[in-house]
1. Could you give me the ³J(HN,Hα) list for region 227-232, computed from phi with Karplus coefficients 6.51, -1.76, 1.60 and θ = phi - 60°, whole Hz, x at Gly and Pro?
2. Which chymotrypsin sites (Phe, Trp or Tyr not before Pro) does region 156-244 hold that lie in a coil by DSSP with at most 13 other beta carbons within 10 Å?
3. What does the accessible area of K172 come to, in Å² to the nearest 10, when a probe of 1.4 Å is used?
4. Please list, by residue number, every one of the trypsin sites (Lys or Arg not before Pro) in region 14-55 that is coil in DSSP and has at most 13 other beta-carbon atoms within 10 Å.
5. Mind grabbing the accessible area of D143 for me, 1.4 Å probe, Å², rounded to tens?
6. At 1.4 Å probe size, put D223, D244 in order of accessible surface, largest to smallest.
7. Just to verify a number: what accessible area does L162 come out at with the full protein assembly present, 1.4 Å probe, Å² rounded to tens?
8. Tell me, in nm to one decimal, what length is gained between K178 and K221 on full extension, where the rule is 0.36 nm per residue of separation less the Cα-Cα distance?
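The values are calculated or read from the model by the stated rules, or taken from the named source; none is laboratory data. Just so it is clear, the model here is predicted, and its values are computed rather than measured. So basically every Cβ, Gly included, is an ideal-geometry build from the backbone, and we count neighbours across all protein chains shown. Only protein heavy atoms, including side chains, enter the accessible area calculation; ligands, DNA and RNA are left aside. Shrake-Rupley method; radii C 1.70, N 1.55, O 1.52, S 1.80 Å.
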Amino acid sequence: MAESPSESSPSAAAVDEAELARRRRIDDLNLPADVLAAYRRKFDALDLNRDGVVEIRELVAVSRVFGYNLSREEVLEIFDRQDFEDSGGIAFDEFVVAMRKRAGQPHASGDIRTRFRQYDRKKRGYINADDAFPILERELGFDLSKTEALVDLYDKNKDYRLSLMEFVEFHKKVEALKQQIVEAFNEFDVNQDGFVDLEEVYAKMVPKGCTPEQVEALFRKADRNGDNRLDYSEFAAFWDIPID
């Protein structure tokens, strides 16, 4: 018995509505035709089975061909979980939206890759708190507990390590914190000799309400080598900058 129009129309309507939503997402970007065509070529190169959807396995496979050993989690991160329809894959409109979003973000290349390798001494393709600690101790004055807290903040999939993509935002935070410490160090180092001595700390902190005894206790704790002055790393520990 033939299916009546009323029985088939809801399904057809749903398909039409989904297609309209896809077109609207692309139209809202107001992209030139040549840019859209370039995205289509990239998408078609990834769509190995030509079904109009790039599945995670396809993107992982193609990424390896181009020399990027990306995990499924990293692929999801790259596209910012851009699967609007929860279909297990990325349609062309979702691909275009994801690529445009990433166009305004820093790429994990060049200086970032170099910096990542400085952390990833074991060449595993990821870093954990133990890898980050020596650098953050030196540059931010962090102890291991504080290092673990910062790594956890940027560990999006909670696997106790940072992929290269997760490292991008982690590194931005580290650099921002470091800049604040450098500015404070330069403000305290009045004679610009590259060290902060006790008198310079007194001059800055006593007028703000700290007692000389409190200041000296903090200073002595940070002065690891006991030379009565703080180098940058010692000052960073003394400054104890908060993560947030």
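1. For region 227-232, the Karplus curve yields 9, 6, 7, 10, 7, 4 Hz.
2. Y160
3. 100
4. Sites meeting the loop and neighbour criteria: R50.
5. The accessible area comes out at roughly 90 Å².
6. These residues rank, largest area first, as D244, D223.
7. 0
8. Extra length from K178 to K221 when fully extended: 13.4 nm.
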